[in-house]
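Report on one structure; see the data block that follows.
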Amino acid sequence: VSKMIKQEINNTITSQHENLVEILANIETTTSLALERADEFLLSGKKEFKKESLENWEKNKQHMHALKNNEKKLSKKQIKSFKSLQDQLNLFGPLLEEIIRIRSGEDWNLANHLVKTDASPIAFRIKELLNDMTSIQEELLKSDVESISKKTHFLIVLLVALFFSAALISGVLGANITRSITEPIIDICKLADVLAHENHKSKRLPVLYENELGTLSQSFNKLLERLQEDKTQKKD
């Protein structure tokens, strides 16, 4: 377009030439504005840029139609440039409209669209599953803690009961052992006291144990029998 404008300016300035220059300038301006506003709409998504881009593109079509009507006034070089311009704009127009159409939709940003439509539901589902797993793990942990606490309490009670049982058994056994030792010794002491008063005719120690105390009782009884025999012999 710029090339065609320069060529037209170089021609003799007439009202016809001024009209062609104006048409070409309008084509250049509307093409540039349509592209710039489409680019701004693509970046920002603001509707006013979309509106301005489409309006300028419609104006561009009108100016191209006006230039087509004045094609006979163009030079051969300008006609060649004009055909090339038509071909390029015919390719550019659908692309511009497609860019605006895609940017106007919700899925213009494929990454964001997939995040919203596919990734987000999956992420929320995963989050729900993780929350469920966490809740189950917390319940299991709570159950394990309660079970361990009950077992620990039972073991403590059992240990305390065993401690007191062992103490009681030890006390009873100790008392029995002490009695089994002291009673024979007391009997020996009593019998010795009786012997001291020479009253030993029928007194004997009971042999209750097969141990050192039993042996001592047997020996003491033998001593009494010997004393009894000696005393009997002396009387005879």
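Nothing in this text is a laboratory measurement; each read-out follows from the coordinates by a stated rule. From a predicted model like this one, the values you see are computed outputs, not experimental measurements. Ideal geometry is used to build each Cβ from the backbone, glycine not excepted, and the neighbour counts take in all protein chains shown.
Could you tell me the calculated FRET efficiency between Ser84 and Lys46, based on Cβ-Cβ distance and R0 = 35 angstrom, to the nearest 0.05? Don't jump to the answer; show the numbers that get you there.
Working: r = 33 Å, r/R0 = 0.95.
Step by step, r from the Cβ atoms, then E = 0.60.
What order do you get for 36-46, 69-79, 168-178 when each peptide is scored by the mean count of other beta carbon atoms within 10 Å, highest first?
36-46, 69-79, 168-178
Apply 1/(1 + (r/R0)^6) to the Cβ-Cβ distance of Asn176 and Arg226, taking R0 = 41 Å, and write down the FRET efficiency to the nearest 0.05.
Between Asn176 and Arg226 the formula returns 0.75.
Sorted by mean Cβ packing within 10 Å, highest first, what order do the peptides 88-94, 57-63 take? Provide the component values of the computation, followed by the final result.
Working: 88-94: 12.7, 57-63: 17.4.
Most protected by this proxy first, the peptides run 57-63, 88-94.
Gain in length, His65 to Lys142, computed as 0.36 nm per residue apart minus the alpha-carbon separation, to one decimal in nm?
Roughly 19.6 nm would be gained on extension.
Please give, to one decimal in nm, the separation of the simple spin-label points placed at Gln218 and Leu155, each 7 Å out from Cα toward the Cβ.
For Gln218 paired with Leu155, the spin-label model returns 5.2 nm.
Starting from the 7 Å offset along Cα-to-Cβ, what nm value, one decimal, do you get for the label separation of Phe164 and Lys3?
Here the answer is 11.3 nm between the modelled labels.
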